[in-house]
There are 2 protein chains.
Amino acid sequence: MRMTWHDGAQVEGSIAIDPQDRGLLLGDGLFETILVMNGRAQWLERHLARMAASAKELAIPFSLDAALEGVSSVLKTRDLIPKSLRITLTRGKAAGGLAVDSDGPSLLVTAHHLDPAITGKPVTLITSSVRRNEHSPASRMKTLSYIDNILAARDARGRADDALMLNTAGRVACSTIGNVFALKGRELLTPAASEGVLPGIMRGRVLELAASLGYAAREGQITLDDAASVDAMFLTNSLRLIRPVTQLDGRPVGNKGVAELIEAMNPRLLEGSQP
Amino acid sequence: MRMTWHDGAQVEGSIAIDPQDRGLLLGDGLFETILVMNGRAQWLERHLARMAASAKELAIPFSLDAALEGVSSVLKTRDLIPKSLRITLTRGKAAGGLAVDSDGPSLLVTAHHLDPAITGKPVTLITSSVRRNEHSPASRMKTLSYIDNILAARDARGRADDALMLNTAGRVACSTIGNVFALKGRELLTPAASEGVLPGIMRGRVLELAASLGYAAREGQITLDDAASVDAMFLTNSLRLIRPVTQLDGRPVGNKGVAELIEAMNPRLLEGSQP
């Protein structure tokens with residue numbers, strides 16, 4: 001049985017939640033998935049800062065102290081050696097009406113195993129017909145309302161490792177679990193948040209590191225035509241770091257320069273994550 | 001304490017759910033809200049048929065027998081006199097990966113009170129900047145991933161009763177809790193499901209009843225220009241039936257013919273709901 005921390009207490013097995021909890025009933029909440037290495041949650045401060053900012057935008061009360069207590073509590077269960085953590089914040093119990101405030105939020109921290117082989121593992125993609133909705137602020141937050149990404153991931157099942165999602169304008173947005181970068185020469189391009197993508201923690205690290213490694217990185221727009229003419233593509237994700245894209249819709253994607261980039265970047269993505 | 005039915009048993013207070021439940025973690029599930037009159041769930045068969053169809057599309061196992069048992073169990077708690085029911089289906093517990101199947105679904109039936117004054121009550125709207133994503137099949141299902149509607153409803157809070165949501169093409173889709181109809185002379189127009197709207201049960205009843213009451217009804221597209229030139233607009237919802245729209249973005253909406261339509265239709269919307 002995995003250990004869970006739920007609203008101030010360690011719990012084994014099922015958790016008790018109110019049948020009116022808005023996270024359960026309406027996907028009304030947020031989450032973060034965080035890599036654990038050597039017993040430490042990597043880039044915890046950035047994950048919590050992102051959750052805090054989104055919670056503010058959604059007007060969900062969020063206690064940083066409670067989140068830190070939950071993380072610390074789950075990390076201490078050493079026998080389990082979690083390799084990743086998930087923090088889930090729900091708006092909590094509320095009666096009637098979509099816009100009502102709740103009686104108070106609920107916070108859940110769960111521990112997960114992680115296959116170390118996924119770090120840097122090459123990935124094949126298909127383009128999903130399910131689009132990211134850049135016309136909603138939720139597309140820039142990690143909310144519990146994940147059904148579009150789930151539908152896109154199911155699209156890919158049995159055909160590819162993951163799905164590429166376009167936004168409703170038909171431009172490249174992200175995969176169902178990661179940000180997308182295009183590489184052309186020494187230039188790196190990733191869709192801007194306004195394209196309907198989550199500002200990922202590893203995406204942010206790649207943008208930060210680029211200049212010091214001799215790359216020019218920017219946020220912008222990537223059309224499908226652009227995607228067809230780049231030297232290489234890769235995905236970023238907090239648990240999987242940088243992974244090269246090897247196929248898109250059954251056609252090979254170029255790999256020029258991508259191995260070199262990954263070799264330079266992957267070991268440095270976690271640097272500085274402990275204050 | 002309200003009575004809840006959860007996976008085969010009546011429960012008071014909190015329910016026990018797995019911390020890996022996909023409904024809680026990812027909005028991966030479906031719901032229906034059902035009007036109860038005289039102790040009977042209205043249009044129960046249609047609600048369950050819609051849930052079954054969407055569950056099939058999402059590949060979530062759904063037991064009609066279990067749902068009927070849950071509804072019957074909650075309706076029998078006569079001291080509570082629920083005025084509405086909510087059925088919530090989640091994909092249940094699953095480990096890792098967006099596209100994985102679960103160990104089995106979870107089903108929850110909750111009872112709710114309902115203010116009888118909301119039936120037919122006029123409604124003011126503002127147009128939300130949050131759009132319905134017609135590029136996702138989820139826009140045509142009642143999934144637990146409700147964050148876009150929640151954000152739109154919060155947009156309206158303090159400014160209007162509800163928010164009008166456009167789709168990503170900028171055409172009228174729905175309100176955060178109901179379908180939209182436009183009335184012009186004896187012609188009724190409502191956005192087609194392909195516009196990114198849920199095929200509502202009451203929406204379906206209005207389309208069925210129209211001809212017998214001398215209206216020509218059709219599904220199609222409604223632009224904002226159309227909306228400005230109609231005689232009247234109204235919303236439909238399973239709990240609130242037909243409600244006239246009196247204001248849109250602070251400007252009055254015409255009411256020509258709408259009182260007559262509501263007087264003719266509201267009493268008939270529930271006819272035939274018992275087999």
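Two decimals is fine: what's Rg over Rh for segment B:137-229, C-alpha atoms, Kirkwood radius as Rh?
Reported Rg/Rh (Cα atoms, Kirkwood Rh): 0.98.
Which value, in debye to the nearest 20, describes the size of the charge dipole of segment B:27-164 about its Cα centre when Lys and Arg Cβ atoms bear +1, Asp and Glu Cβ atoms bear -1, and nothing else is charged?
About 320 debye.
Find, among the GluC sites (Glu not before Pro) in segment A:172-275, those assigned to loop by DSSP (not H, G, I, E, B) with at most 16 other beta-carbon atoms within 10 angstrom.
Of the GluC sites (Glu not before Pro), the ones in loops of segment A:172-275 whose Cβ has at most 16 other Cβ atoms within 10 Å are A:271.
Rounded to the nearest 5, what is the percent of antiparallel bridges among the DSSP beta bridges in the protein assembly as shown?
So the antiparallel bridges amount to about 80 percent of the total.
Restricting to segment B:3-124, compute how many DSSP beta bridges are antiparallel as a %, nearest 5.
95 percent
Excluding residues on the same chain fewer than 8 positions from residue B:256, give the lysines whose Cα lies under 24 Å from its Cα.
Excluding near neighbours in sequence, the set is B:121, B:184.
So for chain A, averaging the separation of alpha carbon pairs under 8 Å that are six or more residues apart and normalising by length, what relative contact order in percent results?
After rounding, I find 18 percent.
So what's the back-of-envelope 222 nm ellipticity for chain B, counting only DSSP H runs of four-plus at -39500 (n - 2.57) apiece and dividing by all residues, rounded to 500?
-7000 deg cm²/dmol
Buried accessible area between B and A (1.4 Å probe, both chains summed, ligands and nucleic acids excluded), in Å² to the nearest 100?
Chain pair B/A: roughly 4400 Å² of buried accessible area.
Counting only other chains, and only Cβ atoms inside 10 Å, what mean value do you get across the residues of A:5-13?
Mean shielding by partner chains, rounded to a whole number: 1.
For the protein assembly as shown, what does the accessible surface come to per residue with a 1.4 Å probe? Please give it in Å².
Computed with neighbouring chains in place, this is 40 Å² per residue.
Near the amide H of residue B:232, under 5 Å away, which other amide H atoms are found, from residues 5 or more places off or on another chain, if H is placed in the peptide plane?
Excluding prolines and chain starts, which carry no amide H, the hits are B:183.
Using amide H atoms built in the peptide plane, which far-off residues or other-chain residues are under 5 Å from residue A:92 H to H?
Amide H to amide H, under 5 Å and 5 or more residues apart or across chains, residue A:92 pairs with A:22, A:23, A:106.
For segment B:169-226 and segment B:1-47, write down the distance between their C-alpha centroids in whole Å.
Taking the Cα centre of each part, segment B:169-226 and segment B:1-47 sit 29 Å apart.
So how far apart, in nm, are the two label points at residue B:14 and residue A:119 if each is 7 Å from Cα heading toward Cβ?
That separation, rounded to one decimal, is 3.7 nm.
Radius of gyration and Dmax for chain B's Cα atoms, expressed in Å?
Using the Cα atoms of chain B, the pair Rg, Dmax is 18.9, 55 Å.
Over the whole of A:241-252, what's the average partner chain Cβ count within 10 Å per residue? Rounded to a whole number, please.
That average works out to 0.
Using modelled backbone amide H atoms (1.01 Å from N, in-plane), which distant-in-sequence or interchain residues come within less than 5 Å of residue B:114's amide H?
B:83
The values are calculated or read from the model by the stated rules, or taken from the named source; none is laboratory data. In this text, all values refer to a predicted model and were calculated from it rather than measured experimentally. Counting neighbours? That spans all protein chains shown, and the Cβs are built from the backbone with ideal geometry, glycine included. Note: areas computed on protein heavy atoms with side chains; ligands, DNA, RNA excluded. Shrake-Rupley method; radii C 1.70, N 1.55, O 1.52, S 1.80 Å.
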